[in-house]
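The values are calculated or read from the model by the stated rules, or taken from the named source; none is laboratory data. These figures come from a predicted structure and were not determined experimentally. Here Cβ is always computed from backbone atoms with ideal geometry, including for glycine, and neighbour counts include all displayed protein chains. Quick note on the areas: whole protein, heavy atoms, side chains included, nothing else; ligands and nucleic acids left out. Shrake-Rupley method; radii C 1.70, N 1.55, O 1.52, S 1.80 Å.
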Amino acid sequence: MPDSTRRDFLKASAIAGAAVTLGELTLRSALGADAPPSAPARSGGGPFSPSWTDKPMRWAQLTLVEDDPGKFDLQFWLDYFARTHSDAVCLSGGGCVAYYPTKVPFHHRSAWLGDRDVLGELITGCRKLGMVVIARTDPHATYDDVQAAHPDWIAVTADGQPRRHWASPEMWVTCGLGPYNFDFMTDVKKEIMSNYRPDGIFINRWDGSGMCYCPHCRENFRTATGHDLPRTDNPRDPARHAYIYWRQERLFALWRHWDDAVRAINPDSCVIPNGGGGATSSLDMKYIGELAPTLMADYQARHGLMPPWANGKRGKEFRSTMGRKPIVGIFSVGLEEPYRWKDSVQNPEEIRLWAIDGIANGLRPWFTKFAGSVNDPRWLKPVEDIYEWCFRAEPYLRNERPLARVGLVTSQQSTWFVAEEHGARNAAEDAALGWYQALIEARIPFEMVHDRLLDAEHIAQFKTLILPNVTALSTAQCDQLRRFVARGGGIVATHETSLYDEEGGPRKDFGLADLFGVSFAGRAAGPMHNAYLRLEHNPARAHPLLRGLEDAPRIIHGAWRLEVTMKEKFPSPPLTFIPPYPDLPMEKIFSRVPRTDLPQVFLREAGQGRVVYFPWNIDRTFWEILDVDHAKLLRNAVEWATNEERPVTVSGPGVLDVTVWRQKNSLTVHLVNLTNPMMMKGPIRELLPIGEQRVRVQLPGGVRARGLKLLVANTTPAFQQSEGWLEVTVPSILAHEVVAVDL
Ligand SMILES: [Zn+2]
């Protein structure tokens, strides 16, 4: 490589190589369940927390396109921000295109900028409105002059070619892990921070664009791990396994490097990385929860088959590691489909339901619009209406904590490390989605729980934890779950839960075999066709697991099951196995073995605690088939394990996302009406009102309600309260209602 490149390379390696350790900890040990958390994620604050982060409740984002400086109406946007009561804004700064007169070499000014400073003008206008202001940067693409001068800043494909941009082929894709980000983008951020002192810098598409085989990545990976960069996705491959950690270490080092650089200029600022979150996220959300003072869930709209609760799910996932730190939900006004109509506008009902489900689940709304020129104004009024309501309801949206008693455990390590066997890979996510839908249908309020935050403090609010095929669990995590049950907690677990260690290494037996009361017999069966479950009804005493199935002699089985041996007696099991039998020719479809004594669910009482284990993939099968009988089993399993009345019960027709929250001086129950023919696939055509809902909610210890209102209907209905419970009737719900109880 040329000398200048070699120098840059060594410099970047020195910075980034040194920064790969996170303080004294390596990420690997930081990721371990045994490692002490370096910051109390749920108590807020953390090591770096600018003073402004808790202030904004309604975010606006204007993403300028390159020709906007010549044609967009700046005052129009300032007026719109004011009209929507937006109290924070994200404005395009630089990276791909600079919207100000930058002096950083190779930082491309908008060709339409002229002698203007659009970023400066916008920031001045927004400051006058009293808004929190952050500047957006995007480093993922660059130009020919950069490629010519710094070829090592460009991403390289597996076959060694510099990578052209997939959508703008005149541009180049940059390497996310080398000097382009560590040096050049640091200079850009420092310049923006010095010139304008924004409250933060938002970093979009900052984490690279897939695998990069550039000289920096090859050399740095070999130095750090001794491996060549992986060329397979199989997590059993040692190089891929090492890469899963190494990439995160690089990116967290980059985040810290940028954060240090901007905070050296404005100590009350930070960088805010964009990200998706959830079990399939490649970046450790527990560590992010410690590092980030606030975070944005970038989940803009529905695509494909997806219920509107998917937005609320992101809120639950982010909260599982962010605790009480402010979390924000980015929603788009356009379609989010693979064909990328970035200038499109959705119909108002779809925008509204998506945004509202996020708000009901604790996300502060952030609308995002591409381009300063309004090609289609139909979204303006619907977003204004949502924000107007949020502004009016603000005191009741400043949540202190959720009051749910059920936790659904999410496991990044299971999706990272467990290879495809028995239909297991990604099954953790599918199984969780099945549970999510089942809990929505059952109207059970719940939170999500990160599997590396199972310490007593983090799970203190929960009576039951659900383990949806959480395949990878460490010995220490299994111990934490054991202690939870010993304290009186309930567990509902499915399929291959705890059959692998935290690094994806298979175990001979479940890590939780003692809790389940069964051992793995070494064999998985599936995919099964035409298999059933026999319901063993006891006429003398109805089994609580079979509630709602009293008239059913048999129901369908799932697709995969494990063979297990019982470590103790399970008298009168409610579900037994009916083995698969031919499904063709029709003459041959009869059960060869209509009855066995093999239980397909194991219910145990362990002291004050209760454990339910399904040795089959009921939750993943439910997500695939949505069988009503399986929904009843899932609901009944949670109710039996929890063994107490729900904090809120909502009776009436329809499908509702029910959440329950405590604020400083109030309690709220959100009811999001998902009852719609377009529930499973958008866009919603029209909102359909549902009828009367009877709400029964538990009041926090000893407190009496002073008043009650419905925040959407804007009425104050009569209510009853006695012995710590309050009851009220909600006459009808169109998209959303909030029962707000003043305490
Ligand atoms: Zn690279």
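Any chance you could get the radius of gyration and Dmax over the Cα atoms of the chain, in Å?
Radius of gyration, then largest Cα-Cα span, for the chain: 26.9, 86 Å.
What nm value, rounded to one decimal, do you get for the distance between Lys55 and Asp455 when each label is placed 7 Å out toward the C-beta?
3.2 nm
Beyond a 18 Å Cα-Cα separation, which of these cross-linked pairs lie in this structure: Lys316/Lys342; Lys103/Lys189; Lys128/Lys381; Lys325/Lys664; Lys103/Lys128?
Lys316/Lys342; Lys128/Lys381; Lys103/Lys128
What order, most packed first, do the peptides 695-707, 628-640, 371-383 have when packing is the mean number of other Cβ atoms within 10 Å of each residue?
Going by the mean number of other Cβ atoms within 10 Å, highest first, we get 628-640, 371-383, 695-707.
Once the Cβ-Cβ distance between Leu688 and Ser281 is put in as r, and R0 is 30 Å, what FRET efficiency do you end up with, to the nearest 0.05?
0.30
As an exercise, take the mean of 1/r over every pair of distinct alpha carbons in the stretch 669-726, invert it, and state the Kirkwood radius in angstroms.
For the stretch 669-726, inverting the mean 1/r across all distinct Cα pairs yields 14.1 Å.
Among 129-141, 204-216, 346-358, how do they line up by average Cβ neighbours within 10 Å per residue, starting with the highest?
346-358, 129-141, 204-216
For the chain, calculate the relative contact order in percent as a whole number, restricting contacts to Cα pairs under 8 Å that are 6 or more residues apart.
11 percent
Could you work out what % of the accessible surface of the chain is carbon and sulfur, using a 1.4 angstrom probe and leaving DNA, RNA and ligands out of the count?
Reported share for carbon and sulfur atoms: 52 percent.
For Asn665 and Lys588, what does the FRET efficiency come to when R0 = 56 Å and r is the distance between their Cβ atoms, rounded to the nearest 0.05?
It comes to 0.25.
Can you say what percent of the DSSP beta bridges in the chain, counting only those with both residues inside, are antiparallel? Round to 5.
55 percent
Mind checking the full-extension length gain between Arg704 and Ala525? Use 0.36 nm per residue of separation minus the Cα-Cα distance, one decimal, nm.
59.0 nm
For the chain, report the accessible area per residue in Å² (1.4 Å probe, heavy atoms, rounded to an integer).
Result: 38 Å² per residue.
Please find the FRET efficiency linking Asn714 to Lys71, where r is the Cβ-Cβ separation and R0 is fixed at 56 Å, and quote it to the nearest 0.05.
My answer for the efficiency is 0.85.
By average Cβ neighbour count within 10 Å, what is the ranking of 168-179, 714-725, 232-243 from highest down?
Per-residue mean Cβ counts within 10 Å order the peptides as 168-179, 232-243, 714-725.
Quick check: pseudo-label points 7 Å beyond the Cα along Cα→Cβ at Thr565 and Thr596, how many nm apart are they?
Going from the Thr565 label point to the Thr596 one covers 1.6 nm.
Put a dot 7 Å past each Cα toward the Cβ at Ala82 and Thr124; how far apart are the dots in nm?
So the two model labels end up 1.6 nm from each other.
Please give the length that would be gained between Asp268 and Arg109 if that part of the chain were fully extended, namely 0.36 nm times their separation in residues minus their C-alpha to C-alpha distance (nm, one decimal).
54.5 nm
Using Cα pairs closer than 8 Å and at least 6 residues apart in sequence, work out the relative contact order for the stretch 508-659, in percent.
With pairs under 8 Å counted, the relative contact order is 24 percent.
What is the gain in length, in nm to one decimal, between Glu394 and Thr729 on full extension, counting 0.36 nm per residue of separation less the C-alpha to C-alpha distance?
Contour length minus the Cα-Cα distance gives 118.3 nm.
Sequence neighbours fewer than 8 away in the same chain don't count; with that in mind, list the aspartates and glutamates whose C-alpha is under 14 Å from Lys508.
Glu496, Glu563
Hey, for a label at Arg256 modelled as a point 7 Å past Cα toward Cβ, could you say which residues of the stretch 180-221 have their backbone N under 17 Å away?
From the stretch 180-221, the list is 182-183.
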